[in-house]
Number of protein chains: 2
Amino acid sequence: MPKANRLLWMLLVLTGISRWNDATAAAETVARVESPGKVLAVELSLDEGRIQYAVTRFGEPLIAPSRMGFQLRNAEKLQRGFALVESAVRSHDETWEQPWGEWRFVRDHHNELRARFRETGRARRTLDVVFRVFDDGVGFRYEIPRQDGVDEVIIDDELTEFAIAPKSTAWWIPAGEWNRYEYLYQKTPLVEVGQAHTPMTLRTDDGIYLAFHEAALVDYAGMWLRRVEEQRFRAQLAPASEGWKVRRSTPMQTPWRTIQIADSAAALYASSRLTLNLNEPNALGDVSWFQPAKYVGVWWSLHLDTETWARGPKHGATTSNTRRYIDFAAEHGFRGVLVEGWNPGWDGQWFGNGYDFDFTRPTDDFDLPGLSRYAAERGVHLIGHHETGGAVSHYESQLGAALDLYAKHGVDVVKTGYVADGGQLERRLDDGRIVREWHDGQWMSNHHLRVVQEAAKRHIAINPHEPIKDTGLRRTYPNWVSREGARGMEYAAWGNPPNPPEHEANLFFTRLLAGPMDFTPGIVSLQGRGQPVETTLAKQLALYVVLYSPILMAADLPEHYAAHGDALTFIKAVPADWQDTRVLAGEVGDYVVVARHDRAGDDWYLGAVTDEQGRNMEVALDFLEPGRQYTATIWRDGDAAHWRGDSRFAMQIESRVVDASTRLPLRLAAGGGQAIRFQPLQAER
Amino acid sequence: MPKANRLLWMLLVLTGISRWNDATAAAETVARVESPGKVLAVELSLDEGRIQYAVTRFGEPLIAPSRMGFQLRNAEKLQRGFALVESAVRSHDETWEQPWGEWRFVRDHHNELRARFRETGRARRTLDVVFRVFDDGVGFRYEIPRQDGVDEVIIDDELTEFAIAPKSTAWWIPAGEWNRYEYLYQKTPLVEVGQAHTPMTLRTDDGIYLAFHEAALVDYAGMWLRRVEEQRFRAQLAPASEGWKVRRSTPMQTPWRTIQIADSAAALYASSRLTLNLNEPNALGDVSWFQPAKYVGVWWSLHLDTETWARGPKHGATTSNTRRYIDFAAEHGFRGVLVEGWNPGWDGQWFGNGYDFDFTRPTDDFDLPGLSRYAAERGVHLIGHHETGGAVSHYESQLGAALDLYAKHGVDVVKTGYVADGGQLERRLDDGRIVREWHDGQWMSNHHLRVVQEAAKRHIAINPHEPIKDTGLRRTYPNWVSREGARGMEYAAWGNPPNPPEHEANLFFTRLLAGPMDFTPGIVSLQGRGQPVETTLAKQLALYVVLYSPILMAADLPEHYAAHGDALTFIKAVPADWQDTRVLAGEVGDYVVVARHDRAGDDWYLGAVTDEQGRNMEVALDFLEPGRQYTATIWRDGDAAHWRGDSRFAMQIESRVVDASTRLPLRLAAGGGQAIRFQPLQAER
């Protein structure tokens, strides 16, 4: 081959020219790292200068070689012509304490591979990739160092791919849609996924469970997963109103892209601790001012349409009605009382148009100072509510004053709301123009942190509805205590279709992998607006154990709890903070059995829920302290119980003595559940 | 319900509030139109103020109610709160003549429904939708009139949906990817499509064939089809570098969204005439200066790497080598000689970086004036070549001078090229900044028309490679004669995998529905760069009839044609312009039999190609003039022919006398084909 020609072809190869040769030449492996227990391995390779990663489990391919890189605005694609400059592997093993959570102690045991790549062509830009490999999952991120000519990156697309090797089934909801995260989970072959939110959960045909998600979503756009072809997915970042996806100065790092990997559905839940491990430690210091607790409030009535957010004869947030809730909370030991509709702005067309909201004063019929005092005298705290109607900048303009008002009156938990179509959150630019943002775009990722940080200064906890997804930031900001981000209980009131019996068994293995959810369970009346709630009564109780949140609503009306005292007994007892959590059994979308250890005492609790199939099973109680006897108080489905019809109310309460060697039979009705409290017979030894 | 509350709920309903009630209330039908033969019907409805359309065929649902609208930047979503202001139905039946094409005469017979909607809320914006319903397809577009407060629309997303009702199989390629349109067609269940280019072809389980595409893509972004869930797709416009998808002043209209609908694969091809019918008539007047013709040239050798674009000892575009091609063309009656690599810029790293290209002068070893004269003396025309390497603004800056140069030397067809990754075409802004555009974004839709219009002024025809897709604009600009836009023959030279035997049977029912393709067939040597071409010799001939283009390359080297004189005989005979076209039989991706009537005479030609399956069939020759006898000269696969191995060269030539009543048996080898020329025995009567 003559020299000029050789040079041309060499350049073509170096730049990964593909128009003229799309052959997949053998990629060159450049770095490798294994998990501490040699379960998982990650391999980095270069395919004609393109960085690829691959993941194996016990040597079997899970993620086939998958491309990495960025499409940038005003700069060449950051994907081709790379060579490895250096790589390093580091081991890490530490156990840290959560101020509150599903587990008090979390072990972070991983091996880290850090690799630096540099372009060999003209630009010679540098890109670092970092992989942390646990025995039950992998996290990786990009870091773009500060370097000549790269002061700022404007990311048009993140080119990260996930080429899932084994044939798999997926549980997923569509992303980039008007209804945000509020879709029923679909179970389809993986090849039928379009564009999905994370966490997306998979089961391979060989029975390996994977969940794709991200950790530490800070100053970046949320990642959707778009299927390109067959089982190959591409990161699809939520767009910014400017049209790009992300704008950042260097040095910068992306969120961690995470892949949880387990050999059972039950084990998948615990593997979600890697999301926490990949977040930065607590940045707030002592957060004992936040107390995990249960709450009641003016909420379900609004969805039943027996009360209204708007003022008028049915206004729910009145002084007298709120007193009724405070009295109920005080009588039954609920710390919080949420009141929605307490402030001006609800009387007009507020959906997606929240400019009338005033967050700094109550409506005339709501005596905030008086009610705060009334509550405090009874050991109760009002829970605040900031619905933006999508007018996010409008809310931000009042944020400080709004939080000051609450702080002044002892309100230390605030539920925020972002009711607007996806992509329609209103942001006011400096020049006064209004632009529209996605709930999970870069700007909202920063907005939420602004709110959380402002709240932290005032010792207030935040619980956003219609939120951005949870990526474990509660570790860094422990006052970001819960959120919605899925179809909650209100869909049982008016959803069409309503939440089906499988809904919670889907949520546990998908949405709940991300973190706490303010699902607002406990509808003991089992009745929505003209439609039944599709569960048994016992299942409503089990949800308190299954669907973790440090703020847990008893969502039904006081008068309904009065009519279901047996159920209320369990709701009053169950804690909202845990020492330990064990998933005893489960299958995605079918059923799950969870045991949790009260953080404040020796009790254990068990919650089991099933889908539309009834189930008989036996669970080992080996989580109990060996040699110690416990009274198990059992709230179970009655023998005739079924989620359809009046028999959904059938519930049996019974007790028996058990110990760690007991194998306890569980019988769950169709659409049913079971809740158990285990109390030691003897005092602590 | 108290009045204030009633008002709130009424407003929620009017604004289509969904967070609080996602029930699909019964939509209200507001307009309806049927096709002239009452085969298809389109119904417009309002679902809580959202415009929907639906399509039925003989009363059976094909497109379930599907939403319409726009997500805008700096203005509220244009989707909700609409009421019908007025609607009108109009019938249309005319036959018009193509200057060149598959059919000389095209009938445009449709009923048109025009509906005007206006928002009932604050903004009161107006949106028109127009449907044209043919017996074999539907086209619809939006029109946004000039109106107060809507001088300009910046479209972030077109919200048009396609909810395909019957369970279907799809043939598709991924869209929004780095390799543009150059992917192998996949056949998958429709629910496995991710994001697809159009045309996307479907077969319902009931045997109805659909193709989704668009017509008259002018000053707008190309439409990709993104599957949202199940069989529901959403228009996904190719992004602009500014981040939005489209920016337009009002009044404006979108391209037509088209759905071809037929009850056989064969009939689907003819239904593609609706794309032409939905384009504006010829804007150029007399275009007899463009002559459909065949050509040869310096091309296949470059893909074999026996010659190079770059200068040096293997440079293909030298004066002496070009003379050799001109001599060959003159001897065998080819009008055109394409020469790639004739101009400066090929010696460096030009892929995606075409700034070194000079389009206004040849390299030193290419005597353009002399060769033009040499060609003209022999009745041959050089075909020009403008490879941009993706530097599109750089090309535009030389466009006028470049075309002038060609016009001066009698070059009246120019092949353009846009070799760069998808999303990486370089556009220079007025301030000098370089931004990156998609091949099918709004800016490129305008770029191509600028080139075509500049060329038309000089009576030059344009044939873009790595183009924007064809949407029928050849009707309006008949000098836009062909294009690439799929995997062409060069992938047989070096593709990995190479084009498989089914490739052309896929192309015919997908890419070719859009319009002519410069596939460059006729590789009679059946040999690529270290890999065989996966067809029989007879199939290479059949492609001249099957894959329509008014400029048809005989793509192999002169010396190879010398060694295959029997094959060359057919290639020399077959015309490049047709009076009529009939698809006699076929199945998507399996096989196709096409008959075409020479526009310049009485001959008919038949081309048949199959995939890796050999086939025996019989075709009725009822397209021949009744009562007239024809000599059929048949180039068929030899009895031992097979696409694998040396037997792929086995070809048999024979002749027989036939008439319109003949049923002709066709035997196609595995990966084979057949080409037939029918010549009347008697002179015209």
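The values are calculated or read from the model by the stated rules, or taken from the named source; none is laboratory data. Note that the structure is a prediction, hence the values are computed from the model and not measured. Don't worry about glycine lacking a Cβ; one is built from the backbone with ideal geometry, like all the others, and counts go over all protein chains shown. Side chains included, ligands, DNA and RNA excluded: accessible areas come from the protein's heavy atoms. Shrake-Rupley method; radii C 1.70, N 1.55, O 1.52, S 1.80 Å.
Roughly how many Å² of B:Lys415 are accessible to a 1.4 Å probe, to the nearest 10?
Its accessible surface works out to 10 Å², give or take rounding.
Under the definition of partner shielding as Cβ atoms of other protein chains within 10 Å of a residue Cβ, what is the mean value for peptide A:223-234?
Mean partner-chain Cβ count within 10 Å for A:223-234: 4.
About its Cα centre, how strong a charge dipole does chain B have in debye, to the nearest 20, once Lys and Arg get +1 and Asp and Glu get -1 at the Cβ?
1320 debye
Buried accessible area between B and A (1.4 Å probe, both chains summed, ligands and nucleic acids excluded), in Å² to the nearest 100?
Summing both chains' loss of accessible area gives about 6900 Å².
Using just the C-alpha positions of region B:548-679 as equal point scatterers, what log10 of I(q)/I(0) does the Debye formula give at each q in 0.10, 0.11 1/Å?
Each listed q maps to, in turn, -0.32, -0.39.
Relative contact order for region B:118-184 using alpha-carbon pairs under 8 Å, separation at least 6, rounded to a whole percent?
18 percent
Please compute, for peptide A:181-191, the average count of beta-carbon atoms on other protein chains lying within 10 Å of each residue's beta-carbon.
2
At 15 Å minimum axial length over the Cα atoms and a Kyte-Doolittle cut of -0.5, report the qualifying DSSP H helices in chain A, or say none.
A:3-14, A:392-408
What accessible surface, in Å², does a 1.4 Å probe find on A:Arg656, ignoring ligands, DNA and RNA and rounding to the nearest 10?
Using a 1.4 Å probe on the heavy atoms, I get roughly 100 Å².
If R0 is 25 Å, what FRET efficiency do you get for B:Asp206 and B:Ala267 from their C-beta distance, rounded to 0.05?
Rounded to the nearest 0.05, the efficiency is 0.95.
Quickly work out the B:Ser320-to-A:Tyr355 label distance, labels modelled 7 Å from Cα along the C-beta direction, and quote it in nm with one decimal.
A separation of 7.8 nm, rounded to one decimal place.
For the pair B:Asp148 and B:Arg656, how long in nm is the line joining their label points, each one 7 Å along Cα→Cβ?
Reported label-point gap for B:Asp148 and B:Arg656 is 7.7 nm.
Within 13 Å, Cβ to Cβ, of A:Thr535, how many net charges do the neighbouring residues add up to if Lys/Arg are +1 and Asp/Glu are -1?
Neighbour charge sum, excluding A:Thr535 itself: -4.
For region A:601-655, state the semi-axes of the equivalent ellipsoid (square roots of 5 times the eigenvalues of the alpha-carbon gyration tensor), sorted largest first and rounded to whole angstrom.
They are 27, 13, 9 Å, listed from largest to smallest.
Could you pull the accessible area for B:Trp178 with a 1.4 Å probe, rounded to 10 Å²?
My reading of the accessible area for B:Trp178 is about 50 Å².
If you split all Cα-Cα distances of chain B into 20 Å bins from zero, what percentages do you get per bin, shortest first?
18, 51, 27, 5, 0
Taking the axis about which chain B rotates onto chain A, which residue of B lies nearest it as judged by Cβ position, and how many whole Å separate them?
Taking the axis that maps B onto A, the answer comes out as B:Gly243, 0.
Among the trypsin sites (Lys or Arg not before Pro) within region A:464-556, which fall in a DSSP loop and have no more than 15 other Cβ atoms within 10 Å of their own Cβ?
Of the trypsin sites (Lys or Arg not before Pro), the ones in loops of region A:464-556 whose Cβ has at most 15 other Cβ atoms within 10 Å are A:Arg529.
Count the net charge of all other residues whose Cβ sits under 10 Å from the Cβ of A:Ile51, scoring Lys and Arg as +1 and Asp and Glu as -1.
Net of charged neighbours comes to +2.
If I take every Cα pair under 8 Å that is 6 or more residues apart in region B:504-663, average their sequence separation and divide by the length, what percent do I get for the relative contact order?
Relative CO of region B:504-663 lands at 24 percent.
Under a 1.4 angstrom probe, counting protein chains only, how are A:His409, B:His385 ranked by accessible area, largest first?
Final ranking, largest accessible area leading: A:His409, B:His385.
Let me have the 222 nm mean residue ellipticity of chain A computed from DSSP H runs of 4+ only, each contributing -39500 (n - 2.57), with the sum over all residues rounded to the nearest 500.
-5000 deg cm²/dmol
Rule-of-thumb check for region A:260-336: C-alpha Rg over 2.2 N^0.38 Å?
The value comes to 1.76.
Mind computing the radius of gyration and Dmax over the alpha-carbon atoms of region A:303-412? Å is fine for both.
Using the Cα atoms of region A:303-412, the pair Rg, Dmax is 13.8, 40 Å.
Just the number: Rg to Rh for the protein assembly as shown, Cα atoms, Kirkwood Rh, two decimals.
Over the Cα atoms of the protein assembly as shown, Rg/Rh equals 1.01.
Remind me, relative contact order of region A:288-394 in percent, using alpha carbon pairs under 8 angstrom and six or more residues apart?
Reported as a whole number, the value is 29 percent.
Could you pull the copy-to-copy label distances for B:Gly37, with points set 7 Å along Cα to Cβ, in nm to one decimal and sorted shortest first?
Copy-to-copy label distances at B:Gly37, shortest first: 6.7 nm.
At A:Val85, with labels set 7 Å past Cα in the Cβ direction, how many nm apart are the copies from this one, shortest first?
Result, one decimal in nm: 6.0.
Could you give the dipole magnitude of region B:483-631 about its Cα centre, charging the beta-carbon of Lys and Arg +1 and that of Asp and Glu -1, in debye to the nearest 20?
200 debye
Might you tell me the accessible area per residue for chain A, computed with a 1.4 Å probe and given in Å²?
Accessible surface, normalised per residue, equals 31 Å².
Among A:Asp365, A:Asp93, B:Asp156, B:Asp646, what's the order by accessible area (1.4 angstrom probe), most exposed first?
Largest accessible area first, the list is B:Asp646, A:Asp93, A:Asp365, B:Asp156.
Round to a whole angstrom and tell me the spacing of the C-alpha centers of region A:397-438 and region A:556-625.
The two parts, judged by their Cα centres, are 35 Å apart.
How would you classify region A:425-556 from its alpha-carbon gyration tensor, with a ≥ b ≥ c the square roots of the eigenvalues: rounded for a/c under 1.5, else prolate if a/b is greater than b/c, otherwise oblate?
Prolate, since a/c reaches 1.5 and a/b exceeds b/c.
Once you've got the Cα coordinates, tell me which of B:Lys294/B:Lys415; A:Lys187/B:Lys187; B:Lys539/B:Lys572; A:Lys77/B:Lys77; A:Lys415/A:Lys572 are over 25 Å apart.
A:Lys77/B:Lys77
Would you mind giving the mean number of other chain beta-carbons within 10 Å of the Cβ of each residue in B:296-307, as a whole number?
Counting other chains' Cβ atoms within 10 Å and averaging over B:296-307 gives 1.
Dipole magnitude of region B:33-151 about its Cα centre, charges +1 at Lys/Arg Cβ and -1 at Asp/Glu Cβ only, in debye to the nearest 20?
Value, rounded to 20: 560 debye.
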